[in-house]
Amino acid sequence: MSAKTLFTSLIGFAAALALSLAGRGWAAGMPKTSCEECHSQVAVAYQASIHTQAGMTCVTCHGGDPSDPQASAMDPRKGFRGKPSRRDIPRFCAKCHADRAQMQQYGLETHQFEDYQTSVHGKAWANGDTNVAVCSDCHSAHKILAPDNPNSTIFPMNVATTCGQCHSNKTLMAKYGLPADVVTKYQSSVHAQVLASGGRQSAPSCATCHGSHTALPPGAKDIPNICARCHVQVKDLIAQSPHQAAFSTGAMSCQNCHRHHDIQHPTDGDLLTACQGCHAKGSMAASTGQAIYDSIAKARADFGQVNGQIKALEKEGYLVEKLKDPVQDANTGLVQAIQLQHTMNPQAVDEKLVSTEGVARDIQVARDEYHAELQERKLELIPLWAFIGLTALVIYWKRRKCEQCEHDDKQAEDHTERA
C-alpha cells in the first residue's frame, strides 16, 4: 500500500469515527448539546432509534441551534419548530416518509400517509379528531425501533399491547361506541398463544386482519379472504359447501363458527351449537351437522381408545413400533375429516374416518392376540415349572437325608468314644 493510499484511508477512518462519535453525542463522553442538557431521558431513548442510525438529530425534526446553550437555541429565527401537535404529526412524518427520493436509499415504501388517510383513524383525523391514533402512538415518538426488533412497539408479539393503549381504554372507546375488551379477548385466542410461545411470528396479530396504516374493520364478505391468507384449503372446502352462497353475500362468515377476536380451537360441541344457532333443530341442515358431529365424535373416541391400547400394550412389554404407522394414518384421517367439515358433506367426512375405526379394531385384535399368546406361553411353561419344582423337592429331600446320615454317624462316634 502506498503512503498516499494509507494516508487517505486514515483520513477516511478518522472522519467516520468522528461522525460516529458525533452521532452518540454526550453518551460517548463528548460535550452535551443544549437539547441533551435539558432532555437527557429523551436523548437516551433516541440513541437507540433507527432515526439516530440514519444520522438524524434533534434538529432534523425540531429545528433550532443545539450548539447554543442559551434559550435563544429555540429561537424561531434559527428554525426552531418545537414539538409537533397531534394534529400535525401525520403530515409532519410524511415530509420524509412520503418522499421517494429520501426513502429509496433505505428501501422503504412511501405510501404510509396515503394509506393512513383511508383508515378509520385517518378519516377521523382529517375531520379534526385528535383522539385517534397518529404515527407516534404506534411507533413512539423518539425510541422508534425497526419492526423486526423484539423491543419494537410494532414487533408482532407487541402489536396487541400497542393497539391496547387505546382499544383497552374504556373511557376512550365509549366515545366511539366500541368495546374495550377486544385486546383481552385476542390475548386469550389461539393466534395470540402461538405468538406468545414464539412458535410463529407470522401468526395473526391485530394488523394482520385490520391492516396497519390502513386500519379498517373487515366486512363480513372480506373475512373469508383474510382468513384464507393462512387457511387456504378451508376457503376451497367452503366453496364446495352449501354455505358458499351465504359466504358470498356476507350473510355468513368464519366468525359464525370460530368467534371473532377470541378464536379458539373449536370442539365438536362448539360447532354443533353453531349449526343449531342458524338451523332449526330437526331440519335437514341441522341433521347434516348432527351426522358429521356424531361421526367425528366417534372417531375421536376411537382414536382415544387406540392411544390407550397402545400405551397399555407398551406397558405390558409389547413392541408397539409396528403399530405406529397405522396409528399415524388414522390420525391423518381424523385431521382431514375435521377439515372436511367445512364441506358439510357427511360422506366425504366418513370416508376419511374409515382408517380411524379400522385401526382401533386392528389394535384391539393385536392386543387380544398378544394376550392369547401370553396365556399360551404360560400354559407351555407349566410342565417346565412342574419339573423344576419336583427337582427342587428331590434335591431338598436328598439334602435332608444326607444331613440325617451325618447326624447319626456323629452320634455313633460320640457313643464309641464314651465307651
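The values are calculated or read from the model by the stated rules, or taken from the named source; none is laboratory data. Fair warning: this is a prediction, and the values are worked out from it, not measured in the lab. Here the Cβ positions follow ideal geometry from the backbone for every residue, glycine too, while neighbour counts run over all protein chains shown.
Restricting the stretch 286-304 to residues that are hydrophobic (A, V, I, L, M, F, W, C) and surrounded by fewer than 20 Cβ atoms within 10 Å (Cβ to Cβ), which is farthest from Glu351 (Cα to Cα)?
Here the answer is Ala286.
For Val59, work out the one condition from (1) within 21 Å of Pro147 (Cβ to Cβ); (2) surrounded by 14 or more Cβ atoms within 10 Å (Cβ to Cβ); (3) of a type in the set (A, V, I, L, M, F, W, C) it doesn't fulfil.
So Val59 meets the others, but not (1).
Restricting attention to the stretch 326-349, does a residue exist that is on the phi > 0 side of the Ramachandran plot and either surrounded by 14 or more Cβ atoms within 10 Å (Cβ to Cβ) or part of a helix (DSSP H, G or I) (or both)?
yes
In the list Thr110, Thr130, which residue meets the criterion of being over 20 Å from Ser49 (Cα atoms) and of a type outside the set (Lys, Arg)?
Working: Thr110 fails: over 20 Å from Ser49 (Cα atoms).
Residue meeting the stated conditions: Thr130.
Among the numbered conditions (1) more than 21 Å from Cys254 (Cα to Cα); (2) hydrophobic (A, V, I, L, M, F, W, C); (3) exposed (fewer than 14 other Cβ atoms within 10 Å of the Cβ), tell me where Val232 comes up short.
Against the list (1) more than 21 Å from Cys254 (Cα to Cα); (2) hydrophobic (A, V, I, L, M, F, W, C); (3) exposed (fewer than 14 other Cβ atoms within 10 Å of the Cβ), Val232 comes up short only on (1).
Got a number for residues in the stretch 270-279 being without any contact (Cβ under 8 Å) to a residue 12 or more places away in the chain and in a helix (DSSP H, G or I)? Lay out the reasoning, then the answer.
Step one: list which residues in the stretch 270-279 are without any contact (Cβ under 8 Å) to a residue 12 or more places away in the chain, which gives 273, 279.
The next check asks that each one be in a helix (DSSP H, G or I); those that pass are 273.
Selection size over the stretch 270-279: 1.
Taking the condition of being in contact (Cβ under 8 Å) with a residue 40 or more places away in the chain and of a type outside the set (Phe, Trp, Tyr), how many residues in the stretch 36-58 meet it?
The total comes to 7.
Checking the condition touching a Cys at 6+ places or on another chain (Cβ under 8 Å) and more than 26 Å from Thr343 (Cα to Cα), which residue from Leu172, Leu195, Leu178, Leu216 passes?
On inspection, the qualifying residue turns out to be Leu172.
Evaluate the stretch 169-178: report whether one residue or more is surrounded by 15 or more Cβ atoms within 10 Å (Cβ to Cβ) and small (Gly, Ala, Ser).
Within the stretch 169-178, none of the residues are surrounded by 15 or more Cβ atoms within 10 Å (Cβ to Cβ) and small (Gly, Ala, Ser).
Look through Pro76, Pro90, Pro66 and report the one residue that is surrounded by 13 or more Cβ atoms within 10 Å (Cβ to Cβ) and more than 17 Å from Glu36 (Cβ to Cβ).
Pro90
Out of (1) in a loop (DSSP other than H, G, I, E, B); (2) among the polar types (S, T, N, Q); (3) within 36 Å of the chain's Cα centre (by Cα); (4) modelled with pLDDT under 95, what's the single condition that is false for Gln102?
(1)
Scanning the stretch 236-256 for residues that are among the polar types (S, T, N, Q) and assigned to a helix (DSSP H, G or I), which turns out nearest to His342 (Cα to Cα)?
Across the stretch 236-256, the extreme among qualifying residues is Gln244.
Considering every residue within the stretch 185-204, establish whether at least one is touching a residue at least 40 places away in the same chain (Cβ under 8 Å), within 11 Å of Pro156 (Cβ to Cβ), of a type in the set (Gly, Ala, Ser) and surrounded by 18 or more Cβ atoms within 10 Å (Cβ to Cβ).
Checking the stretch 185-204: at least one residue is touching a residue at least 40 places away in the same chain (Cβ under 8 Å), within 11 Å of Pro156 (Cβ to Cβ), of a type in the set (Gly, Ala, Ser) and surrounded by 18 or more Cβ atoms within 10 Å (Cβ to Cβ).
Take Ala48 and tell me if it is surrounded by fewer than 16 Cβ atoms within 10 Å (Cβ to Cβ), within 14 Å of His142 (Cβ to Cβ) and either among the hydrophobic types (A, V, I, L, M, F, W, C) or out of contact with any Gly (no Cβ under 6 Å at 6 or more places or on another chain) (or both).
Considered against the rule, which asks whether it is surrounded by fewer than 16 Cβ atoms within 10 Å (Cβ to Cβ), within 14 Å of His142 (Cβ to Cβ) and either among the hydrophobic types (A, V, I, L, M, F, W, C) or out of contact with any Gly (no Cβ under 6 Å at 6 or more places or on another chain) (or both), Ala48 comes out as yes.
Looking at the stretch 142-161, I want the residues that are within 25 Å of Lys83 (Cβ to Cβ) and have a partner that is exposed (fewer than 14 other Cβ atoms within 10 Å of the Cβ) and among the basic types (Lys, Arg) with Cβ atoms under 8 Å, at least 6 apart or on another chain. Which pairs are those?
Cβ pairs passing all conditions: none.
Does Gln375 satisfy the condition of being surrounded by fewer than 16 Cβ atoms within 10 Å (Cβ to Cβ), touching a residue at least 12 places away in the same chain (Cβ under 8 Å) and more than 32 Å from the chain's Cα centre (by Cα)?
No: the conditions fail for Gln375.
Criterion first (under 29 Å from the mean Cα position of the chain (by Cα) and over 24 Å from Gly333 (Cβ atoms)) does Gln255 satisfy it?
Against the criterion (under 29 Å from the mean Cα position of the chain (by Cα) and over 24 Å from Gly333 (Cβ atoms)), Gln255 qualifies.
Would you mind stating whether Val194 is in contact with a Gly (Cβ under 8 Å, 6 or more places away or on another chain) and within 29 Å of Ile50 (Cβ to Cβ)?
Numbers: in contact with a Gly (Cβ under 8 Å, 6 or more places away or on another chain): no; within 29 Å of Ile50 (Cβ to Cβ): yes.
Considered against the rule, which asks whether it is in contact with a Gly (Cβ under 8 Å, 6 or more places away or on another chain) and within 29 Å of Ile50 (Cβ to Cβ), Val194 comes out as no.
Please work out if Gly317 is outside the structural domain of Leu237 (by TED's automatic domain parsing) and either at negative phi or assigned to a helix (DSSP H, G or I) (or both).
Details: outside the structural domain of Leu237 (by TED's automatic domain parsing): yes; either at negative phi or assigned to a helix (DSSP H, G or I) (or both): no.
No.
Residues to consider are Ser20, Ser9; find the one that is at pLDDT below 50, farther than 22 Å from His142 by Cβ, out of contact with any Leu (no Cβ under 7 Å at 6 or more places or on another chain) and not assigned by TED's automatic domain parsing to the domain that holds Ala133.
Just a single option satisfies the conditions, and that option is Ser9.
Residues of the stretch 261-274 being modelled with pLDDT of 80 or more and surrounded by fewer than 16 Cβ atoms within 10 Å (Cβ to Cβ), which ones?
Gln264, His265, Thr273
Looking at the stretch 280-314 only, could you name the residues that are among the aliphatic types (A, V, I, L, M) and assigned to a loop (DSSP other than H, G, I, E, B)?
Filtering the stretch 280-314 for residues among the aliphatic types (A, V, I, L, M) gives 280, 284-286, 291-292, 296-297, 299, 301, 306, 310, 312-313.
Result: Ala280, single match.
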